[in-house]
Amino acid sequence: MFSADRRIFLHQTAKAGVAWGVSSLFGSAFRSAQTSPPNTDDIVRVYLDSRRVVAPLDRNLFGSFLEHLGRAIYEGVYDPGSKLSEANGFRKDVISEIRQMGVPIVRYPGGNFVSGYNWLDGVGPKESRPRVLDKAWNAINTNQFGTNEFMAWCKAVGTEPLMGLNLGTGTPEEAAALVEYCNLDQGTKWSDLRRKHGVAEPYKVKRWCLGNEMDGPWQIGHMTATEYGMKAQDAARQMRYVDPALQLIACGSSGPFMPTYLEWDREVLEQCYDYVDGLSLHRYFTNAPADTGGDSSKFLAMNLSMEQQIAETLAVCDLVRGHKRSPKQLWLSFDEWNVWYRARNGDHANGHHQEAPHLLEEVYNLEDALLVGGLLNSLLRNANRVKLACLAQLINVIAPISTNATGLLQQTIYYPYNWALQYARGSVLMALVESPTYEVVRMGQVPYVDVAATTNPQDGKVGIFVLNRDLSKPHVVEINWQDKAPGQVLVSAVLTGTDLKAFNTFESPRKVVPQDFGKPSTVAGRTRFEVPARSYTVIQWSA
Ligand code: AHR
């Protein structure tokens, strides 16, 4: 099914007119498996120039998400009965893991949950908080963890809160009251209530999501685009009367599968464009037989479909901007994205009126991790307009980290996510990539090799992230440093394996883990290395 083709993939059209001497460049950088020089037609050529940048990278592109869902909060983050927890009831191992990863922003408390949530149930003396039936997941919320616990946890892990608001059953007045509770110092009804609850200093929460997936018939309080757009506008106005410094995100479409895709976004923005700063996108990817035919080469191309979704949504934002003659350009908040398709329906989404039920505990395999790497590459390449994104979610529920009573497990998708957090720094480079391609039905020609790169003007470090979608063959990649070549390799690692379906468990936590990638050398402004079949690779160089 693969056709040999060769295309240039970039956010520009220039044809690469660079000459190269092949054999002289084969040094120690070329991985040992290679015994003879590759056919030059098969080499993937990447052109990088530190002057050619997409945008400065907003760290919030690597945010995550914690919902009152399953064991994400209760047991995952908050488990006062556990010997692994500290005085507040927060799991210490989870705190230290998230702190070490440096997750910049965490969305809370939902998700579908937020559309039926009364934030007042989750504040004040714990013994007075009601046990509530959460109708989104049919589970019991004891409310022992609420807004103040979340803020304390954010402080403990060193992250920023991204607060979700109930625009389903909740009113704009209640949304503004929560802003007042969180952000005003004192002397008003809600700020004084926070003080009465033992929190003297306001949190000054900057970023807020105006509801969740309000286009979805599954959403509590689902309404039409016009109704939602007007409600979001009213909420935004009332919230900004309380705190003018807020950054507000309107609910965009829940994904391209929606019959109202893009039309929802357009109508919502016609109502509230002037009152918001960003628009949300959501997307979950699947390799279910019904979607990809279980074809992993198609699945690994899906990050390009995320880029199409971004482009289409931006087109709508900019259309409405034109209608309104607005000087303001919106940014996108891709505030739910991940692979999710196995732990999805039936009992996987039914809490049976239990506390902390096991819901959406997706087990991630190698191919999921490879696609997550590709999705991170896509987010990076769109960093000029996507300023915030949340891997959904963070702990136990469709998550890179799972917990049990004795510790935590890094799932396969942890690794690409953590690499982005550690090594994608500074500005995103506009990588021109010339790669052989393969045919994917309804997508056309897809490059085997997908590249994203960053450069940090502060310390000169360069990071490169390479997905090899080829299921059977390694590819030689040649980086052509067009202005200045980098220094020493500081870090290099690859995630790969023979079994795309391999996964980690508490019993076998190291089935899918990164391997050392060696130290590709740079000669005459070029670096060559070979990426194995089915792999995601990171390399970081010094200045
Ligand atoms: O992240 C799980 C769920 O997926 C969220 O609650 C909802 O917003 C989305 O449909």
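The values are calculated or read from the model by the stated rules, or taken from the named source; none is laboratory data. From a predicted model like this one, the values you see are computed outputs, not experimental measurements. With ideal geometry, Cβ positions are generated from the backbone for all residues, glycine too; neighbour counts draw on all protein chains shown. Calculation scope for accessible area: heavy atoms of the full protein, side chains included, ligands and nucleic acids excluded. Shrake-Rupley method; radii C 1.70, N 1.55, O 1.52, S 1.80 Å.
Residues to consider are Q445, Q540, Q458; find the one that is surrounded by fewer than 20 Cβ atoms within 10 Å (Cβ to Cβ) and either assigned to a strand (DSSP E or B) or touching a Phe, Trp or Tyr at 6+ places or on another chain (Cβ under 8 Å) (or both).
When all the criteria are applied, what remains is Q445.
Scanning for something outside any helix (DSSP H, G or I), assigned by TED's automatic domain parsing to the domain that holds W190 and not β-branched (V, I, T), does segment 147-154 turn up at least one residue?
no
Taking the criterion of being open to solvent by 60 Å² or more (accessible area, probe 1.4 Å), over 30 Å from H222 (Cβ atoms) and touching a residue at least 40 places away in the same chain (Cβ under 8 Å), would at least one residue in segment 61-75 satisfy it?
No, every residue in segment 61-75 fails to be open to solvent by 60 Å² or more (accessible area, probe 1.4 Å), over 30 Å from H222 (Cβ atoms) and touching a residue at least 40 places away in the same chain (Cβ under 8 Å).
Given the conditions (1) within 16 Å of the ligand (Cβ to nearest atom); (2) of a type outside the set (D, E); (3) open to solvent by 20 Å² or more (accessible area, probe 1.4 Å), which single one is not true for R207?
Here R207 clears every test but (1).
Determine, yes or no, whether R510 is open to solvent by 50 Å² or more (accessible area, probe 1.4 Å), charged (D, E, K, R), on the phi > 0 side of the Ramachandran plot and not assigned by TED's automatic domain parsing to the domain that holds N365.
No.
Quick one: is R425 surrounded by fewer than 24 Cβ atoms within 10 Å (Cβ to Cβ) and at pLDDT below 95?
For R425, the condition - surrounded by fewer than 24 Cβ atoms within 10 Å (Cβ to Cβ) and at pLDDT below 95 - is not met.
Filter segment 340-349 down to residues that are of a type outside the set (D, E, K, R) and modelled with pLDDT of 95 or more and give me whichever is nearest to the ligand (Cβ to nearest atom).
Top of the filtered list is W340.
Can we say G102 is open to solvent by 10 Å² or more (accessible area, probe 1.4 Å), away from the ligand (no atom under 16 Å from the Cβ) and not assigned by TED's automatic domain parsing to the domain that holds V476?
The answer is yes for G102.
What number goes with the only condition from (1) touching a Lys or Arg at 6+ places or on another chain (Cβ under 7 Å); (2) within 16 Å of the ligand (Cβ to nearest atom) that D58 does not pass?
(2)
Identify, please: which residue in segment 87-99 is buried (at least 21 other Cβ atoms within 10 Å of the Cβ) and within 13 Å of L421 (Cα to Cα) and is, among those, nearest to the ligand (Cβ to nearest atom)? Steps first, answer last, please.
Taking segment 87-99 as the starting set, the residues that turn out to be buried (at least 21 other Cβ atoms within 10 Å of the Cβ) are 90-91, 94, 97-98.
Filter once more, keeping what is within 13 Å of L421 (Cα to Cα): 97-98.
On the way: E97: 20, I98: 18 Å.
Checking each candidate, the answer is I98.
Does E367 satisfy the criteria of being acidic (D, E) and open to solvent by 10 Å² or more (accessible area, probe 1.4 Å)?
No.
The rows are residues; the columns are (1) more than 22 Å from the chain's Cα centre (by Cα); (2) away from the ligand (no atom under 16 Å from the Cβ); (3) open to solvent by 10 Å² or more (accessible area, probe 1.4 Å).
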{"position": "P289", "(1), (2), (3)": "yes, yes, yes"}
{"position": "L300", "(1), (2), (3)": "no, yes, no"}
{"position": "I310", "(1), (2), (3)": "no, yes, no"}
{"position": "D318", "(1), (2), (3)": "yes, yes, yes"}
{"position": "K328", "(1), (2), (3)": "yes, yes, yes"}
{"position": "S333", "(1), (2), (3)": "no, no, no"}
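So H353 passes all but one of these: (1) within 16 Å of the ligand (Cβ to nearest atom); (2) open to solvent by 10 Å² or more (accessible area, probe 1.4 Å). Which condition number does it fail?
(1)
Among the numbered conditions (1) touching a Lys or Arg at 6+ places or on another chain (Cβ under 8 Å); (2) closer than 24 Å to W218 by Cβ, tell me where R321 comes up short.
Exception for R321: condition (2).
Is it true that C251 is within 27 Å of the chain's Cα centre (by Cα), open to solvent by less than 60 Å² (accessible area, probe 1.4 Å) and within 16 Å of the ligand (Cβ to nearest atom)?
Yes; evaluated as a whole, the condition is true for this residue.
For segment 110-123, does any single residue satisfy the condition of being touching a Cys at 6+ places or on another chain (Cβ under 9 Å), open to solvent by 10 Å² or more (accessible area, probe 1.4 Å) and more than 16 Å from the ligand (Cβ to nearest atom)?
No, every residue in segment 110-123 fails to be touching a Cys at 6+ places or on another chain (Cβ under 9 Å), open to solvent by 10 Å² or more (accessible area, probe 1.4 Å) and more than 16 Å from the ligand (Cβ to nearest atom).
Within segment 291-324, track down each residue that is in contact with a Phe, Trp or Tyr (Cβ under 9 Å, 6 or more places away or on another chain) and without any contact (Cβ under 8 Å) to a residue 40 or more places away in the chain.
Of everything in segment 291-324, just one residue is in contact with a Phe, Trp or Tyr (Cβ under 9 Å, 6 or more places away or on another chain) and without any contact (Cβ under 8 Å) to a residue 40 or more places away in the chain, namely T292.
Please report, ordered by residue number, the strands (runs of 3 or more DSSP E) entirely within segment 38-111 with at least 1 residues that are over 17 Å from Q393 (Cβ atoms) and in contact with a strand residue (DSSP E or B) (Cβ under 6 Å, 6 or more places away or on another chain).
By residue number, 44-48, 53-56.
Which numbered condition in (1) open to solvent by 10 Å² or more (accessible area, probe 1.4 Å); (2) in contact with a Ser or Thr (Cβ under 6 Å, 6 or more places away or on another chain) is the only one that C390 fails?
It fails just one condition, (1).
Would you point out which residue out of L432, L388, L421, L394 is under 13 Å from the mean Cα position of the chain (by Cα), closer than 24 Å to V466 by Cβ and either away from the ligand (no atom under 16 Å from the Cβ) or not acidic (D, E) (or both)?
Sole residue among the options that is under 13 Å from the mean Cα position of the chain (by Cα), closer than 24 Å to V466 by Cβ and either away from the ligand (no atom under 16 Å from the Cβ) or not acidic (D, E) (or both): L421.
Assuming K135 fulfils every condition listed in (1) among the charged types (D, E, K, R); (2) within 16 Å of the ligand (Cβ to nearest atom); (3) in contact with a Lys or Arg (Cβ under 9 Å, 6 or more places away or on another chain) apart from one, which condition is it?
Among (1) among the charged types (D, E, K, R); (2) within 16 Å of the ligand (Cβ to nearest atom); (3) in contact with a Lys or Arg (Cβ under 9 Å, 6 or more places away or on another chain), the lone unmet condition for K135 is (3).
Take the conditions away from the ligand (no atom under 16 Å from the Cβ) and polar (S, T, N, Q) and apply them to Q219. Does it pass?
It is false that Q219 is away from the ligand (no atom under 16 Å from the Cβ) and polar (S, T, N, Q).
Of the conditions (1) within 25 Å of Q308 (Cβ to Cβ); (2) modelled with pLDDT under 95; (3) outside any loop (DSSP other than H, G, I, E, B), W337 fails just one. Which one is it?
(2)
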